[in-house]
Amino acid sequence: MKNILLLSIGLVILAPKAYGCDVCGCKLGGYSMGILPQFDNHFIGLRYSHASFNAYIDNRLTEDEFSNDTYRRIDLIGRYSLSSKVQLSFMLPFISNDMDGNVQSVESQGIGDPMVLINYNLWNNADNPGSLWNHSLLVGGGIKLPFGDDDKLDNDELINRNFQLGTGSVDYVFSLNYAVRRQNIGLNLESAYQINGTNDVDYTFGNQFNASLYTFYWWQRPNFVLLPYLGGYFEKAQKHYDGDIEQVNTGGKALFATTGLQLMVGRFMLDARYQAPLYQQFNAEEIVSIESDDRYTVGVNFSIGKRKKSNRKNIDKLYN
């Protein structure tokens, strides 16, 4: 198959920002469409993500504190192709967070902050029949809007900022995606940077950066396509600020080994991804220890709408 396979431009913001005791919290968020064939079709889908963190505070003179926090979200995701080069993507999350500690136990559920992005296919030589190597470069930008609650209380006290459903701020996302493939084997490099604004109570979440590098294999059968992939994912978040005051126990960086599998049958695409931490360093005080557990994501997309005639032949080769 001559067409290049490339990842949909997107964002995975899974930036840990400490833990769920009184002084901090972790957050699961993000935007990622997974590994997708980039045809001019539209799609809609659902994706479930799961992450957890364990934290411990050695108070020395008083009772020690611990917290086991779980962050889950179900994203309604979609893409609409405005032209052969421009795509409009969106994400609307439903969030469910559980904080289970010996000092505080809290559950928080509801709609989070929606995100909208415009993606542009800057370079693609997939239509060149004489090329042994297929390349593609996508760039994009978008905005995250303050829709989720950011002022939930527990016993008349504000729940930790990272445990809220939203940030209360307008945030901006910039992303880049490069893919190269020869025959059935390919490589994908993706990165994104999120600039966080200040909310109405003068609190600012730290800016976030992430990057992933995956190698994938395209295995096509008459009625389906399997695409296993393997690689690494890195993320880094800066510290938060309350006004001009830098917040302790916020921000950090981590590296994850990642493996995943996609199954494409007709108009459906199923995706499953597993991530295990290889290295993690959070901006924690000396008496605080924070650890991220394994993460996983599962999702399904459904192609909708009428595909453009210019890509009809390539789509038939993929799905039939």
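The values are calculated or read from the model by the stated rules, or taken from the named source; none is laboratory data. Keep in mind that what you see is a predicted model, and the values were worked out from it rather than measured. Every residue, glycine among them, receives a Cβ derived from its backbone with ideal geometry; neighbour counts consider all protein chains shown.
Of note:
- Listed by first and then second residue, the pairs with beta-carbon distance under 8 Å, at least 6 apart or on different chains, first residue in the range 42-68 and on the phi > 0 side of the Ramachandran plot and touching a residue at least 12 places away in the same chain (Cβ under 8 Å), second of a type outside the set (S, T, N, Q) and assigned to a loop (DSSP other than H, G, I, E, B), are 60/287.
- Where residue 51 falls short, out of the listed (1) at pLDDT 85 or above; (2) farther than 20 Å from residue 283 by Cβ: (2)
- Residue check, residue 118 at pLDDT 90 or above, out of contact with any His (no Cβ under 7 Å at 6 or more places or on another chain) and among the aliphatic types (A, V, I, L, M): yes
- Any chance residue 131 is over 19 Å from residue 204 (Cα atoms), assigned to a loop (DSSP other than H, G, I, E, B) and at pLDDT below 90: yes
- Qualifying residues in the range 136-164 (those that are over 22 Å from the mean Cα position of the chain (by Cα) and either acidic (Asp, Glu) or part of a strand (DSSP E or B) (or both)) - the one modelled with the lowest pLDDT: 156
- Residues being more than 25 Å from residue 282 (Cβ to Cβ) and surrounded by 15 or more Cβ atoms within 10 Å (Cβ to Cβ) are entirely absent from the range 190-207.
- Residue within the range 52-65 that is of a type in the set (Val, Ile, Thr) and surrounded by fewer than 16 Cβ atoms within 10 Å (Cβ to Cβ) present: yes
- Checked against the criterion of being touching a Ser or Thr at 6+ places or on another chain (Cβ under 9 Å) and more than 30 Å from residue 62 (Cα to Cα), the candidates 97, 121, 102 yield just one match: 121.
- Scanning the range 231-276 for residues that are more than 17 Å from residue 214 (Cβ to Cβ), assigned to a strand (DSSP E or B) and without any contact (Cβ under 8 Å) to a residue 24 or more places away in the chain yields a count of 2.
- Among the residues of the range 69-100, those that are aliphatic (A, V, I, L, M) and free of Cβ contacts under 8 Å to residues at least 60 places away in the same chain comprise 74, 76, 82, 86, 88, 92.
- Residue 99 meets each of the listed conditions (1) under 23 Å from residue 283 (Cα atoms); (2) out of contact with any Gly (no Cβ under 6 Å at 6 or more places or on another chain); (3) modelled with pLDDT of 85 or more apart from (2).
- Taken together, 208, 183 contain a single residue that is polar (S, T, N, Q) and over 30 Å from residue 131 (Cα atoms), which is 208.
- First in the range 138-154 and within 30 Å of residue 190 (Cα to Cα) and buried (at least 16 other Cβ atoms within 10 Å of the Cβ), second anywhere and modelled with pLDDT of 95 or more and of a type in the set (Asp, Glu), Cβ under 7 Å, 6 or more apart: 144/113; 144/171; 146/113; 147/113; 148/113
- If you go through the range 66-85 and keep only what is surrounded by fewer than 20 Cβ atoms within 10 Å (Cβ to Cβ), within 17 Å of residue 268 (Cβ to Cβ) and hydrophobic (A, V, I, L, M, F, W, C), you end up with just 76.
- Condition check for residue 97: on the phi < 0 side of the Ramachandran plot, crowded, with 19+ Cβ neighbours inside 10 Å and assigned to a strand (DSSP E or B): yes
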